[in-house]
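Visitor: Quick one: this structure, given as structure tokens, is what I'll be asking you about.
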Amino acid sequence: ILGCLSLCVLCGCGSPKKTEANRKLQLTKESYQEQEQVWMQGEQEKNPKVTANNIRQLKVVLGGKTIYQIAYCPKEGRQSYLSWRMLSPYSDTATIDTEKMTDLYKKIEKLKLVKTDSVKDAGTENPKAVISVAYSKNSKDAKASNTAILLVGKAKDSKSYYCCYMGREKEIFLVNRQQMDEILNMKAQDLILNIPYLVDITKVSKVVIDCQ
């Protein structure tokens, strides 16, 4: 569904108005480039084959803010379902509810991009949201080998959003708005494993409560 591609920014001479617009565009894209540099390490496919079973990392940015970032962090002696971690927005990693995560990954897999005619203002230059996926070619591989980044632009109508692959901004696609909103409206706390962890009070030496 998705495609991860290098980021291209066009800057040049022109009227002061255009120059200022280009400067803002440059800053916006540099910001996303910095946020997504970790995702750029994987191989880029023109037609990515992302499934619920081969996703290894997922980050959703909405309005420039990371809503949630999930990663598979395997460790010797740790069961695979405990290896999924919520890296953001929390300051410490949290264990994922893998059933809810799998449901989310299925929503990612179901996204279908339909190519449309070139649009003058699709909103992808300053995207509403950015969905970044790192995935493996083989569902059994623990590490991701490929990456995919989707820029979600303006709503075309009540049924679809404009979107494009990062690095291929001239190719505009439509994606189902309801399906996309289900992904964007998901909250980090909805994906956390809500099972209490009880400790032996005799082994507790210190308790710190931080209220913000």
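Visitor: Pick out the one residue from 181, 141, 200, 190 that is open to solvent by less than 50 Å² (accessible area, probe 1.4 Å), of a type in the set (Asp, Glu) and closer than 29 Å to residue 94 by Cβ.
Guide: Exactly one residue qualifies, and that residue is 181.
Visitor: How many residues does the stretch 148-166 hold that are small (Gly, Ala, Ser) and closer than 23 Å to residue 54 by Cα?
Guide: The qualifying residues number 1.
Visitor: Okay, moving on. Which one of these does residue 202 not meet: (1) in a helix (DSSP H, G or I); (2) under 21 Å from residue 59 (Cα atoms)?
Guide: (2)
Visitor: Given the criterion in a strand (DSSP E or B) and of a type in the set (D, E, K, R), identify the matching residue among 143, 154.
Guide: 154
Visitor: Within the stretch 114-122, does at least one residue satisfy the condition of being open to solvent by less than 80 Å² (accessible area, probe 1.4 Å), within 17 Å of residue 147 (Cβ to Cβ) and assigned to a loop (DSSP other than H, G, I, E, B)?
Guide: For the stretch 114-122, residues open to solvent by less than 80 Å² (accessible area, probe 1.4 Å), within 17 Å of residue 147 (Cβ to Cβ) and assigned to a loop (DSSP other than H, G, I, E, B): absent.
Visitor: Among the numbered conditions (1) under 19 Å from the mean Cα position of the chain (by Cα); (2) part of a loop (DSSP other than H, G, I, E, B), tell me where residue 163 comes up short.
Guide: (2)
Visitor: Residues to consider are 145, 118, 132; find the one that is at pLDDT below 90 and either of a type in the set (D, E, K, R) or within 27 Å of residue 73 (Cβ to Cβ) (or both).
Guide: 145 is the lone residue from the list that is at pLDDT below 90 and either of a type in the set (D, E, K, R) or within 27 Å of residue 73 (Cβ to Cβ) (or both).
The values are calculated or read from the model by the stated rules, or taken from the named source; none is laboratory data. Everything numeric here is computed off the predicted structure, so don't read it as measured data. Cβ sites come from the backbone with ideal geometry, for glycine too, and all protein chains shown count toward neighbours. The protein model used for the area step is the full one, side chains on, heavy atoms only, and it has no ligands, DNA or RNA in it. Shrake-Rupley method; radii C 1.70, N 1.55, O 1.52, S 1.80 Å.
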